[in-house]
Amino acid sequence: MSIFVSLLLIALIGYFWGSIPSGYWMGKLLKGKDFDIRNYGSHKTGATNVRRTLGNGPAIIVLLVDLSKGLGPALLARYVPIFYGAGWGIAVAGLAALIGHCYPIFIGFRGGRGVMTGAGAALVVSPLAFLFGAIIGIGAIATTRYVSLGSILGGVTYIVCGIVFVFLHWVTIPEAVYLVLGPA
């Protein structure tokens, strides 16, 4: 199979996996078919808006599902040879999952911000960058109580790690591309 076909397949898998609207479905499950989480709070489908609107329990479930939406396609690309795509499969899978989460085909292309989906892929790309991003992001949230600030600082940490780690040869160029483009 050609690299192009391999990357196209993992991009499609990543996009459709990322498009699973867990926060949207959680709202429907708990509040009924006429409820749309995007009409409340931040108007997004992610765990933060679910927490504000539906509570901690549903938010934890949505957070874990959203994390898996980045983790799953990236793991497929890393460990299933057909999806490896000369090393670019992981970056393509992660970016496609992010696009799917932010612009899900199943609910009219209006989704979440992609923080946890991006973190899931980052965990596969570079566990060390994930750890640094999580420490900085969670630390910022804990000290300021602003989830958005923690998300931004965690994303900036991924970008810095991507740039530094590629020069230290701790990540490949495709992995660094994901760490730099994913948060953007």
Report summary line: Scanning region 67-89 for residues that are modelled with pLDDT under 95 and not in a helix (DSSP H, G or I) gives 84
Report summary line: Residue hits (region 162-173; surrounded by fewer than 20 Cβ atoms within 10 Å (Cβ to Cβ) and not hydrophobic (A, V, I, L, M, F, W, C)) are 169, 172
Query raised in the report: Among the residues of region 11-33 satisfying the criterion of being within 19 Å of residue 57 (Cβ to Cβ) and aromatic (Phe, Trp, Tyr), which is surrounded by the most Cβ atoms within 10 Å (Cβ to Cβ)?
Result: 24
Query raised in the report: Restricting region 131-161 to residues that are in contact (Cβ under 8 Å) with a residue 24 or more places away in the chain and not hydroxyl-bearing (Ser, Thr, Tyr), which is surrounded by the fewest Cβ atoms within 10 Å (Cβ to Cβ)?
Result: 156
**Report entry** Residue ID - surrounded by the most Cβ atoms within 10 Å (Cβ to Cβ), chosen from residues in region 41-57 that are outside any loop (DSSP other than H, G, I, E, B) and under 18 Å from the mean Cα position of the chain (by Cα)
**Finding:** 50
Query raised in the report: Right, residue 10: in the same structural domain as residue 97 (by TED's automatic domain parsing), of a type in the set (Val, Ile, Thr), touching a residue at least 40 places away in the same chain (Cβ under 8 Å) and touching a Leu at 6+ places or on another chain (Cβ under 9 Å) or not?
Result: yes
Query raised in the report: Does any residue in region 62-83 that is surrounded by 19 or more Cβ atoms within 10 Å (Cβ to Cβ) come within less than 8 Å, Cβ to Cβ, of a residue that is outside any helix (DSSP H, G or I) and not β-branched (Val, Ile, Thr) six or more places away or on a different chain, and which pairs are these?
Result: 62/46; 66/46; 66/112; 77/84
Report task. Specify which of the listed residues (62, 92) is assigned to a helix (DSSP H, G or I) and over 21 Å from residue 181 (Cβ atoms). Result -> 62
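The values are calculated or read from the model by the stated rules, or taken from the named source; none is laboratory data. What you see is a predicted model; the values in this text were computed from it and never measured. Positions of Cβ are backbone-derived with ideal geometry, glycine not excepted, and every protein chain shown enters the neighbour counts.
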